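Below: the structure, in structure tokens.
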Amino acid sequence: MSDDSQAAPLPLDRWHVARGARMVPFAGYSMPIQYEGIIAEHRWTRESAGLFDVSHMGQLILAGPGAEKALETLLPADLAILKEGRLRYSLLLADDGGILDDLMVTRRGDHFYVVVNGATKLDDIAHIEARLPQGVVLDHMKEQALLALQGPKAVDALSRLAPGVEALGFMTGAPFQLGSVTAWISRSGYTGEDGFEISIPAARAVEVADLLTEQAEVKPIGLGARDSLRLEAGLPLYGHDLDPTTTPIEADLGFAISKRRRGEGGFAGWHRIIREIEQGAIRRRVGLAVEGRQPVREGAMVVDAEGNEVGKVTSGGFSPILEAPIAMAYVPAASAEPGATVTLAQRGKLYQARVVPMPFVPHRYQRKGAA
């Protein structure tokens, strides 16, 4: 977080304010945390369609004849089998296997389109550029805005404006005309719901946001509900549940390490990561169902029977859908299996919690597109 004097405006800054948003500094930008209330916005997204401004995120293009191999030295993804218009969730890794960021990478024609987190984008760019071979170039698309339309009725609203978008399956993307604006649209998002991410010229962001919110299904939604939605979906947030001290195996993100890459290696930190795949990590990220009604927040300790800290809560809150407190935490491997009970300590009070499978609320991705 930065203070208000340093918070830069996003392309939709005045648009948000005009709609009653409460603005807060986040990742160096002034961003809407809520409009009518976090719980109401959360439920609207689960039931209809919410529009999120995620223009603070970094949109990058990597191009050149060696781009695929260069990226494979930094990410554990198998990009050789990534087809045109397909997205892949992956991790930018440090030399010791720690996670520098989580990201989305897409093959688009002769280049790769990469979306990284807003708070880390400048460090990511510097890290990547320092490791690119001659002939591979990185373009930070500062002139692009990014919107996310999420929820079960997102496809109804968007297909009126961009006919054909309903045919996209989960984790695929293509260019579309959205009104008079050319947009790159992918069927993806970070709420656990069906939905889309829409990359457009920043100069046209207000026009597109107006078009979308004119649809009866769509309301603007703030950062607060985005956080509670991704927590229910069991999705980690960089800087909270993931950081450079965390490996993919500890974070329960082993699925992001492709089969070929596990065998061949060749990506940053692979010696440590392969050892953890084979032998197990000493701690794991897990989901917790917390007893009672009081939410346990980030920073609460996981303690043993003697009160010694053995883990930490990294995300926590009250689930509007389950109407119960939930959390994510790192716990010793011996306590990481579903059904295990753990004790949490927050502000001098103890809470009991049970390890449960994630997501807390089932994902509703549309994997084959709609007829």
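Please treat every number below as a calculation from the coordinates, not as lab data. In this text the structure is predicted, and so the values were computed from the model without any measurement. Backbone-built Cβ (ideal geometry, glycine too); neighbour counts: all protein chains shown.
In the chain, if the dipole is taken from +1 on Lys/Arg beta carbons and -1 on Asp/Glu beta carbons about the Cα centre, which of 173, 63, 141 is farthest to the positive end?
173
Cβ under 9 Å from residue 54's Cβ, residue 54 left aside: what net charge do those residues give with Lys, Arg +1 and Asp, Glu -1?
My count for the surroundings of residue 54 gives -1.
Using helices alone, I'd like the mean residue ellipticity at 222 nm for the chain: each DSSP H run of four-plus residues gives -39500 (n - 2.57), total over residue count, nearest 500.
Taking each H run of at least 4 residues, the total per residue is -5500 deg cm²/dmol.
Give the separation of the Cα centroids, region 50-74 to region 8-39, in Å.
25
Taking the Cα centre of each part, how many Å lie between region 280-347 and region 236-261?
Distance between centres, Cα-based: 18 Å.
My understanding is that a pair violates if its Cα-Cα distance is over 23 Å; which of 121/142; 142/259; 83/368 do that in this structure?
142/259
With a 10 Å Cβ neighbour count serving as the proxy for reagent exposure, in which order, fewest first, do 271, 363 appear?
Least to most surrounded, the residues fall as 271, 363.
Under a Cβ-Cβ cut-off of 10 Å, what is the net charge of the residues other than residue 98 that fall near it, where Lys and Arg count +1 and Asp and Glu count -1?
Result for the neighbourhood of residue 98: -3.
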